[in-house]
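Right, one structure below, let's go through it.
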Amino acid sequence: MILFFYNIALLAVLVAGSPWWIWRIATTQKYREGLRERLGWVRIGRDGCFKGQRDGWTKKDRPLIWIHAVSVGEVLAVSRLVKMMDAAWPEYFVAISTTTRTGQVLARERFGANRVFYCPLDLPWAVQAYLNALKPRMLVLAETEFWPNLLSGCFKRGIPVAVVNARISDRSWPRYRRLRWLWRPFLRRLNPVLAQSETDAERLRAIGCAPERVRVAGNLKFDVRAAEEADATVQLKAWGTGSRFIVAGSTLEGEETALLEAWPALLKADPRLVMVLAPRHPERFEEVAALLEKSGLTWVRRSDWRSDKASERTPIKPGAVVLLDTIGELSSVYSLASIAFVGGSLIPAGGHNPLEPAQFGVLIVMGPHYANFRTIVEELRAHDGLRIAQKEELASALIELIQDRASAEAMGLRAKQVFDQQAGATERTVRALQALLTDGATT
């Protein structure tokens with residue numbers, strides 16, 4: 001009955017919002033990309049093969065495991081998990097879906113386009129088309145991507161559904177709690193539910209997950225390592241010799257302005273500095289480029305290097321700003337940083353993942369808004385491996401750390417120790433999923 005009313009409400013919302021959606025699809029590329037897949041067109045051939053957009057056809061003669069990772073953060077989190085599943089279970093074909101365009105691009109780069117696709121919208125016919133075509137042996141959801149039609153469709157077919165790296169953020173918690181009557185019939189059948197922390201586990205039980213099926217496995221992001229040195233890292237090393245890098249990653253609107261306003265003062269503290277500025281969302285690359293152009297600062301675009309001949313390129317001079325307008329290279333570029341600023345935190349947006357620089361022993365600075373990564377940030381703060389700075393204090397905090405290199409390096413090393421000590425979530429997750437595959441329990 002709940003599912004019936006959910007679908008009625010969903011249909012009403014789609015009909016009411018159809019003019020807006022039609023306009024966005026007609027005018028914006030990101031809304032058009034993958035639309036057929038989202039609406040239920042499955043890249044499966046008549047011979048039972050899974051069709052890749054770049055790599056041709058891949059035989060689907062093995063049972064399939066479907067992993068859903070919403071966007072870039074979730075794709076990064078499951079990267080090592082997918083690798084371990086491939087190694088542990090060669091008899092299975094692991095396919096990965098994403099929701100966002102940026103997540104799709106990164107997933108194709110990480111896992112190969114022959115097994116990556118857009119997750120269908122939670123429409124009955126779209127979900128049914130995918131479940132009928134893929135016939136997954138198991139669905140694995142990263143974090144808390146709960147969709148009633150997808151969950152109901154799996155349960156009706158006896159497909160077990162597991163949740164890995166599960167969390168309920170401070171921002172989402174009130175909404176989930178208010179709607180727990182809606183979620184409980186679906187969440188009580190999830191098994192296992194592997195939470196990032198005890199707080200997450202308590203919240204998941206409170207909104208309807210079966211208490212005996214929820215356990216803490218840790219955060220998969222503590223196990224993520226930069227797989228290889230990105231081309232941007234190689235180029236920055238070669239053309240920024242003698243410079244000290246400040247890498248500002250995953251920045252949002254307003255944060256780039258704050259960093260650029262602080263830049264002259266930072267250069268007075270150390271004229272050898274180069275800042276790498278990496279906006280969180282690709283659709284803002286041009287906006288940030290316009291901001292840099294207006295600033296009058298010396299700056300270069302990372303994407304221009306793809307077409308440049310190395311022999312003709314001008315070395316990056318101290319004082320310059322590098323706009324990292326590419327996807328999937330930030331994690332590796334953090335390895336060059338003397339200081340890393342992790343964005344989404346100067347403004348009330350919940351913050352982004354500080355573990356990417358922590359793995360390299362880099363000193364991390366964040367603003368006061370980090371609710372999305374509260375457990376990780378507080379663990380790092382408890383070990384004095386991260387500095388919090390208010391927006392108006394950002395310049396002075398960075399200058400202090402620039403000038404006191406010994407303290408900055410020591411904080412970076414403590415951050416890496418926290419990162420290393422928290423490892424192991426991936427192994428625990430694989431063991432739990434193995435048990436699920438073995439017994440096939442869904443209830």
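What the table below lists for this structure:
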{"read-out": "Given (1) surrounded by fewer than 20 Cβ atoms within 10 Å (Cβ to Cβ); (2) outside any helix (DSSP H, G or I); (3) modelled with pLDDT under 95, index of the condition His369 fails", "value": "(3)"}
{"read-out": "Matching helices (runs of 4 or more DSSP H) fully within region 241-357 where at least 3 residues are closer than 26 Å to Gln403 by Cα", "value": "255-269, 330-333"}
{"read-out": "Number of the exception - Arg381 against (1) open to solvent by 10 Å² or more (accessible area, probe 1.4 Å); (2) under 23 Å from Val105 (Cβ atoms); (3) at pLDDT 95 or above", "value": "(2)"}
{"read-out": "Filter result (surrounded by fewer than 20 Cβ atoms within 10 Å (Cβ to Cβ) and either under 17 Å from the mean Cα position of the chain (by Cα) or touching a residue at least 12 places away in the same chain (Cβ under 8 Å) (or both)) within region 132-145", "value": "Ala133, Lys135, Arg137, Glu145"}
{"read-out": "Region 80-89, residues that are touching a residue at least 24 places away in the same chain (Cβ under 8 Å) and surrounded by fewer than 23 Cβ atoms within 10 Å (Cβ to Cβ)", "value": "Arg80, Val82, Met84, Met85, Ala88, Trp89"}
{"read-out": "Hits in region 329-358 (condition: among the aliphatic types (A, V, I, L, M), closer than 23 Å to Gln235 by Cα and open to solvent by 10 Å² or more (accessible area, probe 1.4 Å))", "value": "Leu330, Leu336, Ala337"}
{"read-out": "Subset of region 52-69 (residues that are at pLDDT 90 or above and either over 24 Å from the mean Cα position of the chain (by Cα) or open to solvent by 30 Å² or more (accessible area, probe 1.4 Å) (or both))", "value": "Pro63"}
{"read-out": "Residue count, region 247-270 (criterion: under 21 Å from Gly73 (Cα atoms), among the β-branched types (Val, Ile, Thr) and open to solvent by 10 Å² or more (accessible area, probe 1.4 Å))", "value": "0"}
{"read-out": "Test: residue in region 221-230 that is within 19 Å of the chain's Cα centre (by Cα), outside any loop (DSSP other than H, G, I, E, B) and within 25 Å of Arg405 (Cα to Cα)", "value": "no"}
{"read-out": "Filter result (open to solvent by less than 50 Å² (accessible area, probe 1.4 Å) and without any contact (Cβ under 8 Å) to a residue 24 or more places away in the chain) within region 384-406", "value": "Ile388"}
{"read-out": "Residues of region 191-207 classified as in contact with a Lys or Arg (Cβ under 6 Å, 6 or more places away or on another chain) and open to solvent by less than 10 Å² (accessible area, probe 1.4 Å), total", "value": "3"}
{"read-out": "Among residues of region 162-190, those that are touching a Pro at 6+ places or on another chain (Cβ under 7 Å) and either part of a helix (DSSP H, G or I) or surrounded by fewer than 20 Cβ atoms within 10 Å (Cβ to Cβ) (or both), counted", "value": "1"}
{"read-out": "Among residues of region 77-93, those that are of a type in the set (Ser, Thr, Tyr) and more than 19 Å from the chain's Cα centre (by Cα), counted", "value": "1"}
{"read-out": "Region 228-242 residues that are touching a residue at least 12 places away in the same chain (Cβ under 8 Å), paired with ones that are open to solvent by 60 Å² or more (accessible area, probe 1.4 Å) (beta carbon under 6 Å, 6 or more apart)", "value": "Trp239/Pro315"}
{"read-out": "Some residue of region 97-107 being surrounded by 23 or more Cβ atoms within 10 Å (Cβ to Cβ) and closer than 23 Å to Gly158 by Cβ", "value": "yes"}
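This table checks each residue for (1) in contact with a Ser or Thr (Cβ under 7 Å, 6 or more places away or on another chain); (2) over 24 Å from Ala69 (Cβ atoms); (3) of a type outside the set (Lys, Arg).
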site: Trp181; (1), (2), (3): no, yes, yes
site: Arg184; (1), (2), (3): no, yes, no
site: Ala195; (1), (2), (3): no, no, yes
site: Gly208; (1), (2), (3): no, no, yes
site: Arg213; (1), (2), (3): no, no, no
site: Arg244; (1), (2), (3): yes, yes, no
site: Gly249; (1), (2), (3): no, no, yes
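The values are calculated or read from the model by the stated rules, or taken from the named source; none is laboratory data. These numbers were taken from a predicted model, which means no experiment stands behind them. Here the Cβ is made from the backbone with ideal geometry for all residues, glycine too, and neighbour counts use every protein chain on show. With ligands, DNA and RNA removed, areas are computed over all heavy atoms of the protein, side chains included. Shrake-Rupley method; radii C 1.70, N 1.55, O 1.52, S 1.80 Å.
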